[in-house]
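Report on the following structure.
Nothing in this text is a laboratory measurement; each read-out follows from the coordinates by a stated rule. On a predicted model such as this, the values are computed, not experimentally measured, just so you know. Glycine also receives a Cβ, built like all others from the backbone with ideal geometry; neighbour counts cover every protein chain displayed.
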Amino acid sequence: MRKPHVEAVLAAEESSIQPGRSFWIAVHFQLDQGWHTYWKNPGDSGLATEITLTLPEGFKPSPLQWPAPEIISRPPLVTYGYKNEVFHLFKIDPPQGIPADSRVQISAEVT
C-alpha cells in the first residue's frame, strides 16, 4: 500500500503454515524523508499507529511487538516514534488441526 509519504507492506516469515508452529508477520513502513510515525506512547502529541489484522478462523495473534522508538524533538514538544523505516511484528499461532503446508490469506488495516 502506498499513501502520500509512507509505503506499508505486509510480509510473512513463512510461505506455508505448519500445524502447531507459530510464525511471524510484519508490517514494514517506509517513510519519506522528514516524515515519521508514532510509538504506542506518542508523547506530547500525535496518535499511535494502529494495526488491525484479519486472520482466518482459529488463528491467534500476539499483541503488536513495538520496537524501541526514537525521540523526536520539536521544542517545546517531545514525541516518540519512527523515522525512515520500521517493522511492526505479530507472532501468529495457527490452529492445531490445520493441514501441513497450508496457505491462508492474512490482511492488515493500518490507521
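The H on the amide N of residue 49, modeled in the peptide plane, is under 5 Å from the matching H of 38, each at least 5 residues off or on a different chain. Working ranking of peptides 40-53, 97-110 by packing, defined as the average number of other Cβ atoms within 10 Å per residue, highest first, is 40-53, 97-110. Across region 1-52, the fraction of Cα-Cα pairs farther apart than 13 Å, rounded to a whole number, is 69%. Going 7 Å from the Cα of residue 51 in the Cα-to-Cβ direction, what parts of region 67-111 have a backbone nitrogen less than 11 Å from that spot? 67, 86-92, 108-111, by backbone N distance to the label point. Two decimals is fine: what is log10 I(q)/I(0) at q = 0.12, 0.18, 0.23 Å⁻¹ for the chain, from a Debye sum with one equal scatterer on every Cα and no solvent? Each listed q maps to, in turn, -0.48, -0.89, -1.24.
Here the chain is treated with +1 on each Lys and Arg Cβ and -1 on each Asp and Glu Cβ, and its dipole about the Cα centre works out to around 100 debye.
In percent, rounded to a whole number, the relative contact order of region 2-106 is 38, using alpha-carbon pairs under 8 Å and six or more apart.
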